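Following: one structure in structure tokens, then a few remarks.
The values are calculated or read from the model by the stated rules, or taken from the named source; none is laboratory data. What you see is a predicted model, and the numbers here were worked out from it, not measured in a lab. Virtual Cβ from ideal backbone geometry, glycine too; neighbours counted across all protein chains shown. What goes into the accessible areas is simple: the full protein's heavy atoms, side chains included, and nothing from ligands, DNA or RNA. Shrake-Rupley method; radii C 1.70, N 1.55, O 1.52, S 1.80 Å.
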Amino acid sequence: MPRPLVLCADDFALNAPVSRGIAALAAQGRLSATSAMVLSPRWPHDVALLQPLRGQLDVGLHLDWTSAFAMASGHGLPLGALMARAALGGLNRSAVRSVIERQLDEFETQWKAPPDHIDGHQHVQQFRGIREVLVEVVRRRYPQRSPWLRVSLAPGGQRDLKARIIAAWGAGALARQADRAHVPHAALLSGIYDFSGDQAAYAQSMAGWLRDAPAGTVLMCHPAEGVEADDTIGPARAKEGAYLASEAFAQALAEARVHLARGSILFAAEPR
């Protein structure tokens with residue numbers, strides 16, 4: 001039997017090439033989830049690209065504390081500053097709750113439904129001071145059908161230095177807190193790399209991720225249909241988008257005996 005994996009495209013609404021590239025891949029059946037940056041001024045416009053795909057893929061919130069959009073919203077911090085404040089226990093729980101609630105409100109206002117899942121830009125959903133409040137908000141706000149949460153723990157064999165650093169910022173703690181609150185979550189995250197290399201290198205990495213990821217793993221990607229001038233990883237986004245749209249990717253899925261599944265089905269919570 002094919003193994004189910006969730007292929008999630010991050011950063012929807014970051015810019016026009018990202019939104020268009022993600023929508024095109026989803027329409028092609030090459031994604032099973034996407035995560036939206038709802039603080040972006042593009043979100044109210046670009047959400048229309050996802051409307052024809054409703055029910056075909058999971059659409060979730062890409063919780064944001066570190067982008068230019070978050071800075072403009074008043075709560076944002078550079079990643080290093082946020083990490084330092086989180087490590088020292090300096091994030092105010094009431095302020096964190098307001099930020100999370102506002103982004104959920106922004107999501108629901110445009111999508112007209114709760115998010116299927118919640119993850120985080122630069123993995124902030126698992127930082128100390130954010131993860132605890134996030135689990136509380138999700139449990140209270142969605143008592144009947146909870147969004148699933150993404151946990152940034154790479155599968156064994158994929159835990160290079162970058163993956164270990166990401167996990168160390170709270171992957172295990174978020175999973176434990178979600179379990180205690182009966183909030184569904186994915187156990188593993190694949191697709192971590194440094195955004196370097198050409199399309200052939202990305203294809204080789206993807207083959208390894210598909211081959212080694214256990215069933216139910218979330219494989220993140222960052223595709224776009226082209227390069228936005230001020231996007232620091234724009235070239236990597238374009239190569240990902242081109243590869244995921246190719247027949248070579250379809251063949252890689254077949255060779256790895258993988259089918260793309262929605263996390264809202266794989267991680268459905270039992271009634272509380």
Failed item, numbered, when ASP194 is tested on (1) among the acidic types (Asp, Glu); (2) open to solvent by 60 Å² or more (accessible area, probe 1.4 Å); (3) part of a helix (DSSP H, G or I): (3)
GLY21 being farther than 28 Å from LEU253 by Cβ, of a type outside the set (D, E, K, R) and either assigned to a helix (DSSP H, G or I) or open to solvent by 10 Å² or more (accessible area, probe 1.4 Å) (or both): no
Yes/no for PHE107 being in a helix (DSSP H, G or I), in contact with a strand residue (DSSP E or B) (Cβ under 6 Å, 6 or more places away or on another chain) and either touching a residue at least 12 places away in the same chain (Cβ under 8 Å) or closer than 24 Å to ALA173 by Cα (or both): yes
Residue pairs meeting the criteria (Cβ under 6 Å; at least 6 apart or on separate chains; first outside any helix (DSSP H, G or I), in the range 168-184; second of a type in the set (A, V, I, L, M)): VAL183/VAL135; VAL183/VAL138; PRO184/ALA269
Residues being open to solvent by less than 10 Å² (accessible area, probe 1.4 Å), closer than 22 Å to ILE22 by Cβ and over 16 Å from the mean Cα position of the chain (by Cα) - total across the range 54-86: 1
GLY89 vs. criteria in a loop (DSSP other than H, G, I, E, B), under 19 Å from ARG176 (Cα atoms) and open to solvent by 10 Å² or more (accessible area, probe 1.4 Å): yes
Any chance LEU14 is closer than 30 Å to ALA207 by Cβ and not hydroxyl-bearing (Ser, Thr, Tyr): yes
Sole exception among (1) in a loop (DSSP other than H, G, I, E, B); (2) under 22 Å from ALA261 (Cα atoms) for ALA229, by number: (2)
Residue list for the range 155-167, filter: in a loop (DSSP other than H, G, I, E, B) and open to solvent by 20 Å² or more (accessible area, probe 1.4 Å): GLY156, GLY157, GLN158, ARG159, ASP160
